[in-house]
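The structure appears right after this line, and notes come after that.
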Amino acid sequence: MGTTDAVDGTDPFHEIVVTVSEPAGVGPLSRRLGAIPGADVTRQRSRPGAGELGAAEVIQLLVPSSAVLAVAIRTLPAFIKSRRSSVTVKLTREDRTVTISGGNLDDPQKVLEIVERLLGDDERARDERAVDE
């Protein structure tokens, strides 16, 4: 998991693993994320963790930029609110994880903070290289 080279070898894709607390929500969220231009979405079975039984289904989200990731994150409040029961969505990239569970994502600043936490130093390093060139 992490950053992979794009097809043309110039821009990296960011790989985010999306876990939904409600198994019935994986399909609807996968379709919602798949409708975002530039996002590549696949559903996968994850291995059970230590002390867990069975496998969970997760969504693998590949995005070419922090802008596309921000659009994907902005879709989460509507998805969470549309569910009948309380749902949490966990976004994981490498060793960084963010859990979203309510209507607090209506604030654009909060979305940007989440994107920054997930991408961290990768985006800053790329921005610095662009300034140096």
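Odds and ends about this structure:
- In a residue-by-residue description of segment 45-67, the property of being open to solvent by less than 70 Å² (accessible area, probe 1.4 Å) and in a helix (DSSP H, G or I) applies to at least one position.
- For segment 71-87, the tally of residues that are open to solvent by 10 Å² or more (accessible area, probe 1.4 Å) and within 13 Å of the chain's Cα centre (by Cα) stands at 3.
- Failed item in (1) more than 17 Å from V20 (Cα to Cα); (2) at pLDDT 80 or above, with R129 passing the rest: (2)
- Only one entry in S66, S85 is in contact with an Asp or Glu (Cβ under 7 Å, 6 or more places away or on another chain), at pLDDT below 85 and over 19 Å from R43 (Cα atoms), namely S85.
- Residues in segment 16-43 that are of a type outside the set (D, E, K, R), assigned to a helix (DSSP H, G or I) and open to solvent by 30 Å² or more (accessible area, probe 1.4 Å): P23, A24, P28, G34.
The values are calculated or read from the model by the stated rules, or taken from the named source; none is laboratory data. Predicted, not measured: the structure shown is a model, and the values here were computed from it. Positions of Cβ are backbone-derived with ideal geometry, glycine not excepted, and every protein chain shown enters the neighbour counts. Areas reflect the complete protein model, heavy atoms only, side chains present, ligands, DNA and RNA absent. Shrake-Rupley method; radii C 1.70, N 1.55, O 1.52, S 1.80 Å.
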